[in-house]
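Report on the following structure.
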Amino acid sequence: MKFRRHMQLEHGLGQIDIAPLIDMVFQLLIFFMLTSSFILQPSIKIKLPKAATSEVEQEQNLIITISGENIIYVSDKVVTMGELQSYLKKFRRWKQPLLIKADRRASLGRVVEIWDLCRDLGIDQINIATDQGNQ
């Protein structure tokens, strides 16, 4: 004796409703889009000055960042001038170029002070980061 329910399975199911599947895929997509946008990378926000003659540096540099509030960062850590001097004494043995990234609002005096400190310690390859002026 065959039941009616089994007969339908033997003959095929007609059409499969995929609307619930599409709903689940969209919900997962929205979930992953929202959760991934909340992951923030910690960084120092600066606006570089523009220069028409800027070049793209390809070498690995030691980066000294000066924020608009004249705060000095080395490798994303806040340092004082004394700590910077001791760090640069260690750095000069590596013979790598130094890159100074200063915000537009940073004091020119602070940039020159760091530049002079580097020159006094014997670091010859000092660059200042800028944005390309033709953008």
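The values are calculated or read from the model by the stated rules, or taken from the named source; none is laboratory data. None of these values were measured; they are calculated from a predicted model. So basically every Cβ, Gly included, is an ideal-geometry build from the backbone, and we count neighbours across all protein chains shown.
Table for the structure above
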| quantity | calculated |
| --- | --- |
| The range 102-112, subset surrounded by 15 or more Cβ atoms within 10 Å (Cβ to Cβ) and farther than 16 Å from I123 by Cβ, residue modelled with the highest pLDDT | R110 |
| Candidate set from the range 50-72 (those that are in a strand (DSSP E or B) and more than 17 Å from D116 (Cα to Cα)); member that is modelled with the highest pLDDT | K50 |
| Residue within the range 108-122 that is touching a residue at least 12 places away in the same chain (Cβ under 8 Å) and outside any helix (DSSP H, G or I) present | yes |
| Test for I30: is it under 30 Å from N127 (Cβ atoms), among the aliphatic types (A, V, I, L, M) and at pLDDT 70 or above | no |
| Residue count, the range 83-98 (criterion: under 24 Å from the mean Cα position of the chain (by Cα) and farther than 12 Å from G122 by Cβ) | 4 |
